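Written below as structure tokens is the structure these notes are about.
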Amino acid sequence: MAARRKSPKSDATKRAREPLSSLLRVPSGPVRMDQFDPRATPGYPGKGKQDAQRHVDALAPELSDLQERLYADGRSNPDSVAKVLVVLQGMDTSGKGGVIRHAIGLVDPQGVQLKAFKAPTAEELQHHYLWRIEQALPGRGMIGIFDRSHYEDVLVVRVDSLVPESVWSQRYDELNEFEAKLAANGTTIVKCMLNVSFDEQKRRLAERLADPTKYWKYNPGDLDSRSKWPAYMEAYEVLLERCNTEVAPWYVIPADRKWYRNWAVAELLREKLAGLDISWPAAEFDVSAEVGRLTAMP
């Protein structure tokens with residue numbers, strides 16, 4: 001039997017005293033957004049921004065190894081059900097795109113399924129609101145990334161009164177049931193609320209308006225959402241409280257410091273992948289015989 005490769009251990013893994021998932025997990029009970037510091041750096045093993053890239057890079061070998069195991073298991077094991085779904089939620093400028101580039105970008109893109117959810121299309125509106133979510137779920141062995149998600153239907157839908165309260169208020173329990181079914185069928189769900197502050201959002205929007213190379217990132221509608229900040233914070237408080245289950249807990253990621261945000265999501269993903277404890281698939285052929293055949297060839 002071929003020897004199994006061991007996952008290389010990152011500096012962050014060696015130095016961590018408490019799992020980052022414990023430090024960032026939303027506690028049970030009532031939630032207030034002001035209990036979360038957007039500039040905090042819990043669990044970070046370095047000194048700050050000056051060594052952040054080194055710590056992000058240090059995660060890459062283990063993340064790559066773990067993701068390849070997941071992918072190989074999904075392709076080689078017909079009984080495998082393991083897959084990962086990373087949900088990224090946050091106000092505009094919180095850094096969903098940055099996380100995808102700098103944290104998720106550490107793994108092989110062929111094992112990643114990315115879906116960015118915009119306003120529902122005419123076709124999607126003809127179906128149940130979870131229909132479009134179900135179409136985008138990752139297959140076995142894959143890491144799915146949702147840039148926004150099913151939680152838009154208790155965020156923007158609630159804030160903008162797109163459906164009556166009697167409708168959206170029933171969705172929290174429905175979302176919990178939906179995620180419970182996903183978890184029961186082998187999906188590890190990693191829900192990250194990227195927590196950017198009101199002041200930092202304004203700074204980032206101003207930065208986009210001041211730089212022609214960033215105009216493409218700017219959406220005038222972002223200011224409309226910003227004007228409703230208190231309503232959005234209230235909506236986030238309710239969803240973080242009501243949809244924070246054992247099988248699909250929420251993690252609030254401080255997002256004012258981009259370098260910490262990227263490291264935190266990468267480390268959280270590493271931790272979740274390591275927890276799956278997936279081994280390399282065993283050879284389905286006689287290794288010695290194949291070595292002999294290859295050696296005998298010119």
Response to the item:
Subset of the stretch 194-219, residues free of Cβ contacts under 8 Å to residues at least 40 places away in the same chain and not charged (D, E, K, R), comes to Phe198, Ala206, Leu209, Ala210, Pro212, Thr213, Tyr215, Trp216, Tyr218
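When you look at Ser21, is it under 30 Å from Ala282 (Cβ atoms), buried (at least 16 other Cβ atoms within 10 Å of the Cβ) and touching an Asp or Glu at 6+ places or on another chain (Cβ under 7 Å), yes or no? Break it down into steps so the answer makes sense when it comes.
Working: under 30 Å from Ala282 (Cβ atoms): no; buried (at least 16 other Cβ atoms within 10 Å of the Cβ): yes; touching an Asp or Glu at 6+ places or on another chain (Cβ under 7 Å): yes.
Considered against the rule, which asks whether it is under 30 Å from Ala282 (Cβ atoms), buried (at least 16 other Cβ atoms within 10 Å of the Cβ) and touching an Asp or Glu at 6+ places or on another chain (Cβ under 7 Å), Ser21 comes out as no.
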Worksheet item: Which pairs do you get when a residue that is open to solvent by less than 60 Å² (accessible area, probe 1.4 Å), found in the stretch 157-173, comes within reach of a residue that is of a type in the set (Phe, Trp, Tyr), reach meaning Cβ atoms under 7 angstrom, with the pair 6+ apart or on two chains?
Response: Val157/Trp168; Arg158/Trp168; Val159/Tyr232
Item to complete: Considering only the stretch 28-64, state which residues are surrounded by 19 or more Cβ atoms within 10 Å (Cβ to Cβ) and of a type in the set (Asp, Glu).
Response: Glu62
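Quick one: would you say Lys272 is basic (Lys, Arg), under 30 Å from Gly48 (Cα atoms) and surrounded by fewer than 16 Cβ atoms within 10 Å (Cβ to Cβ)? If you could, list the steps in order and put the result at the bottom.
Working: basic (Lys, Arg): yes; under 30 Å from Gly48 (Cα atoms): yes; surrounded by fewer than 16 Cβ atoms within 10 Å (Cβ to Cβ): no.
Spelling it out, it is not the case that Lys272 is basic (Lys, Arg), under 30 Å from Gly48 (Cα atoms) and surrounded by fewer than 16 Cβ atoms within 10 Å (Cβ to Cβ).
Given Asp277, Asp222, Asp256, Asp211, which one is within 19 Å of Gly144 (Cα to Cα) and either of a type outside the set (Val, Ile, Thr) or in contact with a strand residue (DSSP E or B) (Cβ under 6 Å, 6 or more places away or on another chain) (or both)? I'd like the intermediate steps shown before the answer.
Numbers: Asp222 fails: within 19 Å of Gly144 (Cα to Cα); Asp256 fails: within 19 Å of Gly144 (Cα to Cα); Asp211 fails: within 19 Å of Gly144 (Cα to Cα).
Within the list Asp277, Asp222, Asp256, Asp211, the selection yields Asp277.
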Worksheet item: Limited to the stretch 84-114, what total is found for residues that are surrounded by fewer than 20 Cβ atoms within 10 Å (Cβ to Cβ) and assigned to a strand (DSSP E or B)?
Response: 3
Worksheet item: Just one of Lys214, Lys258 is among the basic types (Lys, Arg) and over 21 Å from Gln35 (Cα atoms); which is it?
Response: Lys214
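Residues that are among the acidic types (Asp, Glu) and on the phi < 0 side of the Ramachandran plot: find the helices (runs of 4 or more DSSP H) completely inside the stretch 130-236 holding 3 or more of those. Even if it seems obvious, please write down each step before you answer.
Details: elements: 131-135, 156-159, 165-168, 171-184, 198-210, 221-226.
Per the criteria, 171-184, 198-210.
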Discussion item. When you check Leu194 against the structure, is it of a type in the set (A, V, I, L, M), out of contact with any strand residue (DSSP E or B) (no Cβ under 6 Å at 6 or more places or on another chain), modelled with pLDDT of 95 or more and open to solvent by less than 40 Å² (accessible area, probe 1.4 Å), yes or no?
Written reply: no
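Step by step: first the residues of the stretch 220-243, then only those that are in contact (Cβ under 8 Å) with a residue 12 or more places away in the chain and open to solvent by 80 Å² or more (accessible area, probe 1.4 Å), then the one that is farthest from Gly139 (Cα to Cα). Which residue is that? Give the steps one after another, and end with the answer.
Restricting attention to the stretch 220-243, the residues satisfying the condition of being in contact (Cβ under 8 Å) with a residue 12 or more places away in the chain are 222-223, 225-226, 228-229, 231-233, 235-243.
Among the residues that remain, those that are also open to solvent by 80 Å² or more (accessible area, probe 1.4 Å) are: 223, 241-242.
On the way: Leu223: 36, Glu241: 29, Arg242: 27 Å.
Residue satisfying both the conditions and the ranking: Leu223.
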Worksheet item: What are the residues in the stretch 108-141 that are basic (Lys, Arg), in contact with a strand residue (DSSP E or B) (Cβ under 7 Å, 6 or more places away or on another chain) and without any contact (Cβ under 8 Å) to a residue 40 or more places away in the chain, if any?
Response: Lys115
Response to the item:
Only one of (1) open to solvent by 50 Å² or more (accessible area, probe 1.4 Å); (2) under 16 Å from the mean Cα position of the chain (by Cα) does not apply to Thr187, and that is (1)
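Does Arg75 meet the test of being at pLDDT 95 or above and surrounded by fewer than 21 Cβ atoms within 10 Å (Cβ to Cβ)?
In short, no.
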Worksheet item: Is one or more of the residues making up the stretch 291-298 more than 37 Å from the chain's Cα centre (by Cα), of a type outside the set (A, V, I, L, M), farther than 23 Å from Ala40 by Cα and at pLDDT below 95?
Response: yes
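The values are calculated or read from the model by the stated rules, or taken from the named source; none is laboratory data. What you see is a predicted model; the values in this text were computed from it and never measured. All Cβ positions, even for glycine, are placed from backbone atoms using ideal geometry, and neighbour counts span all protein chains on display. The area values use the complete protein model at the heavy-atom level, side chains included, leaving out ligands, DNA and RNA. Shrake-Rupley method; radii C 1.70, N 1.55, O 1.52, S 1.80 Å.
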